[in-house]
Amino acid sequence: MNPKKKIIITTALTGAITVPTQTPHLPWTIERLAEDAALCAEAGSAVIHVHARDQQTGAPSSDMEVYGAILKAIKERTDVVICTSTGGSFAMTPAERVRVVPTWKPELASCNMGSLNFSFHPIARRYQDEDYQFSWEKQWLEGSEDAIFPNTFRSIKHFVNEMKKAGTRPEFEVYDVGHLYNLDFLIKEGVVEKPLWIQFVMGVLGGIRATLYDLTHMLETANRLFGPENFNWSVIGAGYPHQFNMGVAAITMGGHARVGLEDNIFLRRGVLARNHELVEKIARIAGEFEREPATPAEVREFLGLKGLENVGF
Ligand code: KMH
Ligand code: ZN
């Protein structure tokens, strides 16, 4: 795959931040997640990032049976690369978050590179008590004001080692410059090996902002620490319009892009999106810059993944 001509579009279908009250398009049942994955794949997304949610309430869940059922349902519909979340939610323990790796042995999994405040409490200001669809949602949003997303060195080392055992490639989520230094430390310790697949997470409240200056700083730091030949990168912009601002930056700077309702619910200002519409939009913009969506087969080869025949679901 020539990364100058191709772009890897990842879709984060549901995550653990967005609540059902925010948008009727948020998929959280097994069937809707599989349906969205298939539509996104058709629109040009080669990687689907997956979290599990409770099938009755839509609340983030670490139930391995539900997780497995989602993975199997997606696999039945499409051959996309599935990147499972080991970020889970801030309410889960690291042990609960990493369990998906030994249990389902995915091709790719997120690996969060440092601890941070991780808050989305300002979203709660948009709603009155009677607006909420489920009883957990208000406390979920408001409670994040006091949340720390813990990713200690010992825990990251454990996550990386579980991924090695399962033949799962880590996608390193970096939310701030210090996380790149954490990655560098773990390379020097022999825990992490190059080449790296890095996701720059821009605009989480508690991490670095989603501006071009900040992205350039992250990229320059990664270039200096790892050498540009030793990593490939994708970018998340949290919220609207950051998802598209950062996506366009990636398109023009040789990176790859993640879209999806985990990070942003709007297609245009005030217009709620479906997942595949976000893929269509970023694919269309990328096409204007002569970068076509990479296929799952191209991504497997480019990232050196073990293949769908070797996953545990
Ligand atoms: N929630 C995103 C900002 C993960 O799932 O491990 C980052 C993320 C991390 O997707
Ligand atoms: Zn996620």
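Read the figures in this text as sums done on the coordinates, not as results from a lab. Small disclaimer: the values here were computed from a predicted structure and weren't measured. Here the Cβ is made from the backbone with ideal geometry for all residues, glycine too, and neighbour counts use every protein chain on show.
How high is the relative contact order of the stretch 6-310? Use alpha-carbon pairs under 8 Å, at least six apart in sequence, and give a whole percent. Walk me through the numbers before you get to the answer.
Values: 620 pairs, mean separation 71.8, N = 305.
Taking the mean separation of contacting Cα pairs over the length of the stretch 6-310, I get 24 percent.
With N denoting the number of residues in the stretch 1-143, provide Rg(C-alpha) divided by 2.2 N^0.38 Å, to two decimal places.
Relative to the rule-of-thumb radius for its length, the stretch 1-143 sits at 1.08.
Can you give the net charge of the other residues whose Cβ lies under 13 Å from the Cβ of Leu39, counting K and R as +1 and D and E as -1?
Numbers: positive: Arg32, Arg77, Arg274; negative: Glu31, Glu35, Asp36, Glu42, Glu277, Glu280.
The answer is -3.
In nm, to one decimal, how far is the modelled label at Phe289 from the one at Ile148, with both set 7 Å along Cα→Cβ?
Result for the modelled spin labels: 3.7 nm.
Rounded to the nearest 0.05, what FRET efficiency do Lys165 and Lys75 have when you use their Cβ-Cβ distance and R0 = 25 Å? Intermediate results must be reported in sequence, preceding the final value.
Details: r = 21 Å, r/R0 = 0.85.
FRET efficiency, Lys165 to Lys75: 0.70.
For the chain, what does the equivalent ellipsoid look like in terms of its semi-axes, each the square root of 5 times an eigenvalue of the Cα gyration tensor, given largest first in whole Å?
Values: eigenvalues 130, 95, 89 Å².
Semi-axes, largest first: 26, 22, 21 Å.
Just rank Thr252, Thr84, fewest to most, by other beta-carbon atoms within 10 angstrom.
On the way: Thr252 12, Thr84 28.
Fewest-to-most Cβ neighbours within 10 Å comes out as Thr252, Thr84.
According to a simple spin-label model (label point 7 Å from Cα along Cα-to-Cβ), what is the distance in nm between Gln128 and Thr93?
Distance between label points: 4.2 nm.
Residue separation times 0.36 nm, minus the C-alpha to C-alpha distance between Met64 and Phe185: what's the value?
Taking 0.36 nm per residue and subtracting the Cα distance, the gain is 40.4 nm.
Which entries in the list Lys164/Lys188; Lys105/Lys188; Lys6/Lys165; Lys4/Lys105; Lys75/Lys164; Lys6/Lys75 go over 28 Å, if you measure between the two C-alpha atoms of each? Don't skip to the end; give the middle numbers.
On the way: Lys164/Lys188 17 Å; Lys105/Lys188 26 Å; Lys6/Lys165 30 Å; Lys4/Lys105 31 Å; Lys75/Lys164 22 Å; Lys6/Lys75 23 Å.
In this structure, Lys6/Lys165; Lys4/Lys105 lie more than 28 Å apart at Cα.
How big is the dipole moment of the chain about its Cα centre under a simple scheme where the beta carbon of each Lys and Arg is +1, that of each Asp and Glu is -1, and everything else is neutral? Debye, nearest 20, please. Write out the running numbers ahead of the final one.
Details: 32 positive and 38 negative charges, 124 e Å.
Magnitude of the dipole: close to 600 debye.
Which three semi-axes in whole Å describe the equivalent ellipsoid of the stretch 121-160, each the square root of 5 times a Cα gyration tensor eigenvalue, listed largest first?
Values: eigenvalues 198, 21, 8 Å².
Semi-axes (√(5λ), whole Å): 31, 10, 6.
Order 193-202, 63-72 from most to least packed using the mean count of other Cβ atoms within 10 Å.
Details: 193-202: 21.5, 63-72: 18.5.
Put in order of decreasing packing, that is 193-202, 63-72.
How large are Rg and Dmax for the stretch 202-313 when calculated on the C-alpha trace, in angstrom?
When restricted to Cα atoms, the stretch 202-313 yields Rg and Dmax of 15.2, 42 Å.
Just to confirm my numbers, what's the Cα centroid distance between the stretch 137-215 and the stretch 239-307 in Å?
Comparing the Cα centres of the stretch 137-215 and the stretch 239-307, I get a distance of 20 Å.
Listed highest first by mean packing, meaning other Cβ atoms within 10 Å per residue, what order do 238-250, 176-188 come in?
On the way: 238-250: 21.9, 176-188: 18.3.
For the peptides 238-250, 176-188, the packing ranking is 238-250, 176-188.
Report the residues of the stretch 167-192 in range of a label on Lys157: point 7 Å along Cα→C-beta, backbone N strictly under 16 Å from it.
Under cut-off, by backbone N: 182-192.
Determine, for Ile236, Ile251, the number of other Cβ atoms within 10 Å of each Cβ, and report the residues in order from fewest to most.
Values: Ile236 28, Ile251 21.
Ascending number of Cβ neighbours within 10 Å: Ile251, Ile236.
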